[in-house]
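The values are calculated or read from the model by the stated rules, or taken from the named source; none is laboratory data. This structure is a prediction, so every number in the text was calculated from the model and none was measured. Here the Cβ positions follow ideal geometry from the backbone for every residue, glycine too, while neighbour counts run over all protein chains shown. All accessible areas refer to the heavy atoms of the entire protein, side chains included, with ligands and DNA or RNA removed. Shrake-Rupley method; radii C 1.70, N 1.55, O 1.52, S 1.80 Å.
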Amino acid sequence: MCDCIDTTFVSSVGAYVDRFEAMICELTGAGYAIATVNGTAALHVALRLAGVQPDDLVVTQPLTFVATCNAISYLGASPAFVDVDSQTLGMSAVALEAWLLEHAERRVQGTFHKSLNRRIAAVVPMHSFGLMCDIEALLRVCDSWQLQLVEDAAEALGSRSQGRHAGTFGQLGAFSFNGNKIITCGGGGCIVTDDEVLARRAKHLTTTGKLPHAWHFYHDEVAFNYRMPNINAALGCAQLEQLTSLLADKQATASAYQSFGMAHGLNFVPARPGTESNYWLNTLLLDSLSERDAFLHYANQQGVQARPAWRLMNELPAFITAPSGPLPVANDLAQRLVNLPSGVRGLD
Ligand SMILES: Cc1ncc(COP(=O)(O)O)c(C=O)c1O
């Protein structure tokens, strides 16, 4: 940080942005990483690069943070909701396939919603609270329908399935480095991809569409000022250096919650076999809405900041009319799910 300030390059250009992007590539195994001003901006541009256009539908899950649906909406597209899986809390591949079989058809121009006559442009699963969704199964469904998969990996830095890092399964993935995430840049985000052409486009679109030149300012299209400032990238580099110990700390907290849950008959949601979670937020499932509310009241009275899941996206005014499949699991989880305090405790 001090070095970054000493260089005076604290703003939109500087060496720390390149270094941060290289560190993200090394961590995730992605071919390319493009740092952005926040995770929402990363998702917005990732969806644009996946080909999402006005009036398209983008399939996502109702149990997510509003940024997923906002990014879809920025492109003039609309979310379409399919249910989540009760084990992973992420998009259910079974629900996705069932919804597509009922509503979608392949046409020369792409996959379309039959009755709405709208193109289905992409699928955006989210790794809820750092738990890996069944991304391999989702990828298989997307491939069979020729749909682009863009991973909202905002909450999943450090999470893996079969050793492969979150965000690197789809054509594009997006991370957030907001202050509440496992590492922070103050604010920040990142797009990852293995596709060199998409990576170049992502850099161009997030940096005002300026053609590189020592002194000329020439912008060849309308683009975004979504670049991550150098000072935020410097903070991100320092944070990434600590990621291994941060993940170990989070894992220890999750194990303690899991043991406590087992001893007291509480249903802790663990990582699925074959996956590793960063346990960004630890999750309990209570037996009923009344039990959840009693738990929340008691915990908060004791100064323990337990909280319910986000309000489901299909219930928010902006998305209430969006197409949706049946959502029994999301509705059930919304009533019984509690996130427990999960901050790094500084155990070593
Ligand atoms: C699932 C999800 N998507 C997207 C975002 C957006 O990230 P940001 O807050 O950095 O814009 C977040 C986090 O805030 C998130 O939790």
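May I ask you to list the residues in region 305-341 that are within 18 Å of Gly261 (Cα to Cα) and open to solvent by 60 Å² or more (accessible area, probe 1.4 Å)?
Scanning region 305-341 gives Gln305, Arg307.
Quick one: which of Thr40, Thr28, Thr68 is within 14 Å of Ala154 (Cβ to Cβ), open to solvent by less than 30 Å² (accessible area, probe 1.4 Å), at pLDDT 95 or above and within 14 Å of the ligand (Cβ to nearest atom)? Explain how you work it out, then say what you get.
Numbers: Thr40 fails: open to solvent by less than 30 Å² (accessible area, probe 1.4 Å); Thr28 fails: within 14 Å of the ligand (Cβ to nearest atom).
Testing whether each residue is within 14 Å of Ala154 (Cβ to Cβ), open to solvent by less than 30 Å² (accessible area, probe 1.4 Å), at pLDDT 95 or above and within 14 Å of the ligand (Cβ to nearest atom) leaves just Thr68.
Given the conditions (1) farther than 28 Å from Ala271 by Cβ; (2) touching a residue at least 40 places away in the same chain (Cβ under 8 Å), report the number of the one that Pro212 does not fulfil.
It is condition (2) that Pro212 fails.
Looking only at region 101-132, count how many residues are free of Cβ contacts under 8 Å to residues at least 60 places away in the same chain and open to solvent by 70 Å² or more (accessible area, probe 1.4 Å).
Just the residues of region 101-132 that are free of Cβ contacts under 8 Å to residues at least 60 places away in the same chain, to begin with: 101, 104-112, 114-115, 117, 127.
Next, from what is left, pick out any that are open to solvent by 70 Å² or more (accessible area, probe 1.4 Å): 101, 106, 108-109, 114-115, 117.
The qualifying residues number 7.
Among what's in region 133-155 and is free of Cβ contacts under 8 Å to residues at least 40 places away in the same chain and in a strand (DSSP E or B), pick the residue that is nearest to Val338 (Cα to Cα).
Filtering region 133-155 for residues that are free of Cβ contacts under 8 Å to residues at least 40 places away in the same chain and in a strand (DSSP E or B), the one nearest to Val338 (Cα to Cα) comes out as Glu151.
Can you list residue pairs whose Cβ atoms sit under 6 Å apart, with the first residue in region 60-71 being within 10 Å of Leu43 (Cβ to Cβ) and the second being more than 6 Å from the ligand (Cβ to nearest atom) and polar (S, T, N, Q)? Count only pairs 6 or more apart in sequence or on different chains.
Thr68/Thr60
Working only within region 156-201, note down all residues that are on the phi > 0 side of the Ramachandran plot, open to solvent by 20 Å² or more (accessible area, probe 1.4 Å) and either free of Cβ contacts under 8 Å to residues at least 40 places away in the same chain or not polar (S, T, N, Q) (or both).
Result: Gly163, Gly186.
Here are some conditions: (1) open to solvent by 40 Å² or more (accessible area, probe 1.4 Å); (2) closer than 16 Å to Tyr279 by Cβ; (3) of a type in the set (A, V, I, L, M). Ala254 meets all but one. Which one does it not meet?
For Ala254, the exception is condition (1).
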